[in-house]
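Q: Take a look at the following structure, please.
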Amino acid sequence: MGGFNGRLVLSALLCGLWYVMAAGGLLLLFWDSWAVVCRQAILRGRYHAARKNHVDKSRLQSHLHMVLQASMKHPCSAQMFCLWTAAIFFSVLVASLRTFGGLTAVSIGGMAASMPYCLLRLRLELQRKKGSMEGEKVTSELLRQYRISGDNICEALERAIPQLRDCRVCQKQLFRLLLVLRNTGSAAEMKQASDIFAYSIGTNWSYMLSSSIRLSAEKGVSIALGLEDILVQMRQAQASMEERKRMNSESARITVFLVPLLYGATIWLSLYYLELPFSRFLANQIGTPEGLFLLLASIFLFALNLAVLEVVGNQKLDF
């Protein structure tokens, strides 16, 4: 190996120093232009990041987002829910193609894929019905604590939430709303949190209450008169709710108990009058494409009927 070449190293250092001085001179010469370019690049990066965070969602994604946020304790994203639904559809479709035809297999896959959403929707409607009954107590307690706390809505929520032990739905949703109000100053995030609270209850009083809370937290205005008006209307709606409940209870019981009873009666008639062995009945019901399709269709329609009864028959406490 050759000896240490001092001249070569010195030449390299001088050449590098010359390039650094040239770059520094160009930077000083065009400093204003470089500063403008850097500021534009930073602003462009912030704009793209904000656009990714606030990208406009389709109606389907927005609807799924609200349903998942309102009905699940640990909600997933709308995209993940759609992926799971598609996986269920294709799994059931592939399994059904071995027994049924193409159109029948697609129908069975569609029914299986729609079950997660139907169950979520059923859970949401049950939650809404239960939460709507809590409106009078929630509004009354919030109004009382709001006056005690000197028109401070966050302090009023902190005082009211522990007192709402019997109002499990509203207590949970108000706690989520309070976390957002305490931890953010963004008007958009406050609006989104208040919208989720109102959607989880799904009543006029919940939309009015969430709007009042957001208005007080965002602008600091007094909402005592608004809470009093909600409370008065809730007490008036309570009387009409009792009469409506008596009218709808009998039809719901008939549907829930009559359908399984009729299905059991058809099985008994087939075994007793047609003298059909039970093993033959099971083979026809499960072992043939027609019998299995009718069984799955009956289960799906029965579940759909229960969901419709919860949505239509059992009205929420509202005004």
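The values are calculated or read from the model by the stated rules, or taken from the named source; none is laboratory data. Since the model is a prediction, treat every value here as computed from it, not as a measurement. Note that each Cβ is placed from the backbone with ideal geometry, even for glycine, and that neighbours are counted across all protein chains shown.
Q: Consider only pairs whose beta carbons are under 7 Å apart and that are at least six residues apart or on different chains; among these, list those whose first residue lies in segment 166-182 and is in contact (Cβ under 8 Å) with a residue 40 or more places away in the chain and whose second residue is in a helix (DSSP H, G or I).
A: If the second residue must be in a helix (DSSP H, G or I), the pairs left are V169/Q127; V169/K130; V169/G131; Q173/F197; Q173/S200.
Q: Okay, next question. Please find, among A105, A160, the residue that is in contact with a Leu (Cβ under 6 Å, 6 or more places away or on another chain) and over 25 Å from R176 (Cβ atoms).
A: A105
Q: What number goes with the only condition from (1) assigned to a helix (DSSP H, G or I); (2) modelled with pLDDT under 70 that K57 does not pass?
A: (1)
Q: Right, here's the next one. Which residue pairs have Cβ atoms under 9 Å apart, sit 6 or more places apart or on different chains, and have a first residue in segment 196-214 that is of a type in the set (V, I, T) and a second that is not in a helix (DSSP H, G or I)?
A: I201/E134; I201/K316; T203/K316; T203/L317; T203/D318; T203/F319; I213/I223
Q: Still on this structure: Checking the condition closer than 21 Å to L64 by Cβ and either crowded, with 24+ Cβ neighbours inside 10 Å or more than 16 Å from the chain's Cα centre (by Cα) (or both), which residue from A217, A160, A156, A188 passes?
A: After ruling out the rest, the residue left standing is A188.
Q: Filter segment 64-116 for residues that are of a type in the set (G, A, S) and under 10 Å from the mean Cα position of the chain (by Cα) and give the result.
A: A70, S71, S77, A78
Q: Oh, and also: Check R121 against each of (1) farther than 30 Å from L301 by Cβ; (2) buried (at least 16 other Cβ atoms within 10 Å of the Cβ); (3) touching a residue at least 12 places away in the same chain (Cβ under 8 Å) and name the one condition it does not meet.
A: (1)
Q: Right, another one. Within segment 70-110, restricting attention to residues that are closer than 30 Å to G131 by Cα, of a type outside the set (A, V, I, L, M, F, W, C) and surrounded by fewer than 19 Cβ atoms within 10 Å (Cβ to Cβ), which residue is modelled with the highest pLDDT?
A: T85
Q: Working carefully through the options A283, A237, find the one that is touching an Asp or Glu at 6+ places or on another chain (Cβ under 7 Å), at pLDDT below 85 and on the phi < 0 side of the Ramachandran plot.
A: A237
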